Structures are given as C-alpha cells and as structure tokens.
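Notes follow once the structure below has been shown.
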Amino acid sequence: MKKLFSIIALFFLFSLCVHIGRALADVAANAQIVNQATLSFDDGSGLQTVNASVTVTVALVPGAPTLDAPADGVIAYAGADTPLAFVYTIIAGGNGPDTYTIAGPILSQTNNGNSASVTVPLPFDLGATITTGGSSATVLQVPSDGNNSDSAVNGIAVDDMVVVNGEARQVAAISDSATGTATITLSAALTSAPGVGVSVLEQRTFTLIVNSGTIVASGTDIVVTVETHASSSAAGFVADEVIATYTSGSATLTKFVRNVDNPNGTTGARSFTVNLSANDYYTDGVTGAPGDTLEYLLLAENTGAGDVTDCTIDDVLPTAFVTLVADAFGGTNEVVYVDGAGAETQLSQESDADAAVIVGASLSVNVGSGAAAASGGTVAGGESVFIVYQVTIN
C-alpha cells in the first residue's frame, strides 16, 4: 500500500518576503524566485522523495531617473561654437540596471542665425537594486542577480556612487554569488540601517555642452535655451531647462586732440583727466601754429557686455608735419596709459619691458588688463581705456 504525501515549499533564495498586494518593483530585477515542491511516498521499500522546482527571474520595471538642475551659464563669446558645459547629476530609477539616454533639444536661440548645437553623452547604464532584510548602516543585503562573474550586483560595482534613502555613498566592496543574497558595503555608514524594500540607486554625473554657433551682431549677446532630457529604456523622460548666454564685446576707437599752448576746438568736446589735470579734448575743429604742442588722446571703449581681448592701439604719426615730444610726461616717458579704473601708467617709446613702442612713425601700445610688451590685454564689457601722447607742429 502506498502512501502519498505532498509537501509544497516556497523557497526564496533571498530573505525578502513579497506580501500580497505589493508591486513588482518592490523586488529587485534579476532576483531568482525558486518554487520547489517535494513528493514523499512509500514504494514498498521505504519512504522516498522526489523534488521539482521552477525558477522565476524578476523582470525590470523601468523608472524615470532623477535629474538635478545646474545653474544657468554665462561665458564670453570666443568664436564660432564657443562651448559652455553644464554638469548634471542623475540618479537611476526602477528596480534594476537600465540604460539612460540624454537629449538636449534647443527651445530658442538669438543672435546666431539659429546655428547653435548641443553635444550630449552616449547612452549609459546605471545600476539599481532593492534591499532585503538584515541590512546594516554599512552593509546592504540585496538579492543576487544571477551573475557572479562581473563583480557587480545589478549593475552596481565598487567605486560607484549609490543613493539610499536620499543619502549618497560610495561603494567600497561587493560580494555576489549566482544565487542567494549579495552584499553591498558602503564607504561610510548611513544615518540608519535601511529596512526591507529600500531602493539602492546608482548616481553619476554627465556633461551637456551647448555650442554657441556663430555670432551675428557683435556687442549683442547670444542666448540659447536648451531643455535637457534624461530617459530610461521604457519610462518617460525628466527635463530641466538651462540657459546658455555668450556675452559679446564690441570695441570702438575715438581720436581726440587738444592744443596745449592755445586751447581751442569746435567739435566733439569731452573732458578727460591726465596727470591730475582735467582738459577738454576735441574730435575736430582744433587749430595750431608751428611750434604749438598738440596732445592726442585715443579712447578705446567696449560697448558690449562681453570682453574684448588682445587689444592694441596703433597710430601713425604724420612726421612730415609733427615731431613726437620726447619725455613729455616725466623721466623718459612719452605715453600715458589710463586703464578702466582711471589709474595712470607712464610708458616709454623704447622697445623695452613696457607696453608701448615707436618704430619709425608708428606708435603701438598694448592696452587692457594683462597687457604686456609682447601682447595686448582684455577690456571688459562696458569698460574704456585711453592713451595720450604729445607732438609739436614743425
């Protein structure tokens, strides 16, 4: 006589209990659910048992990532396709490893003939898993992912950053096996040990680059508005709007003159202070007699918002009619340079360490912040600088 005993046991190779009514995403993707049944019977020779089991792998439930919002950016326009980088932090969504795609559609652009472009990273993977019971503040217990040959658990590897209950930590160690429970050791303890069903989500940064295109009108900024999209394989995308501004400089040069010995003039009068003395200079209508001293003032103005760089003022003296006044400003200095803050510097005409030199009839003065003997400097947006020198009428 045979006796048939059927004992059905559900054996999960991880310690998480899936309660009735909980969503699939409460269990990590790739977790192995093993259902094993045992048949006990007496075949006349004694009690016998046979087993049968079925393994079910938990599927990925995609989730939209979390995306931070970097500040809008401002940079000086430095030529066609000037790049401006925005660094984002992204946190995985879902219950397992997934691929994330970044896009950057341009919403609007000005002063570049619609020539801006956006450079985004190639799609990348982020890991994710969900805790089982028994985690501590430093060592997380999670389901094995069925693959113990990649030194990772559900895409999370050593040195990755993960977010648990809103706290970011670096992964110090991974212990994984093909089945059962894996552990993720954190480099620093969490505020408290996570319970069952807490997401462990990989975090990383990526860079989106907005390229300015080519400026249309100098002195007017380029403004490009981009909507950054981050999406997982099957979930919707999250978006962040960012504005890239490329400031543009626009320089003008105005030449003034005054008659030092016989002040006069009719057009464009403007007062400037040189060597602590304020005088009117003119753009036209100045007369002079042989032997009179003329003082020329060359004003460089940046009327835009952005910098102009490599600034040099060149002037050719009409030597058939005038002679440069040597040592006009004390010592051996022939040129006064006044910077954007009104500070004066006396420069000599010799080819030496300062920023002025005369070769033949040509006067060259490097101006702006950082100017030196070998290179011009920078004049910031809204700033003006000028040089002054004197000649006598032959």
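The values are calculated or read from the model by the stated rules, or taken from the named source; none is laboratory data. Computed from a predicted structure; not experimentally measured. All Cβ positions, glycine included, derive from the backbone under ideal geometry; neighbour counts span all protein chains shown. Surface accessibility is based on the protein's heavy atoms, side chains included, excluding ligands, DNA and RNA. Shrake-Rupley method; radii C 1.70, N 1.55, O 1.52, S 1.80 Å.
Numbers below:
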quantity	calculated
Within the range 170-203: backbone nitrogen closer than 11 Å to the Ser151 label point (7 Å, Cα to C-beta)	174
Sites Thr191 and Val158 - FRET efficiency at Förster radius 25 Å, r taken between beta-carbons, to 0.05	0.65
List Thr254, Thr332, ordered by accessible area with a 1.4 Å probe, largest first	Thr332, Thr254
Accessible surface ranking that places the most exposed of Tyr296, Tyr246 first, with a 1.4 angstrom probe	Tyr296, Tyr246
Segment Ala235-Thr319, extension gain: residue separation times 0.36 nm, minus the distance between their alpha carbons	22.5 nm
Nitroxide proxy distance, nm - points 7 Å out along Cα→Cβ at Leu276 and Ala343	1.9 nm
Thr99/Thr303 FRET efficiency (R0 30 Å; Cβ-Cβ; nearest 0.05)	0.05
Cβ-Cβ FRET estimate between Asn51 and Thr119, R0 fixed at 51 Å, reported to 0.05	0.35
Whole-number accessible area per residue in Å² for the range 284-353, which is evaluated in the context of all protein chains at 1.4 Å	48 Å²
Accessible area of the range 74-115 belonging to carbon and sulfur atoms, whole % at 1.4 Å probe	59 percent
Column: log10 I(q)/I(0), Debye, Cα scatterers of the chain, q = 0.08, 0.10, 0.11 Å⁻¹	-0.67, -0.80, -0.87
Distance from the range 160-202 to the range 76-105 (C-alpha centre basis), Å	26 Å
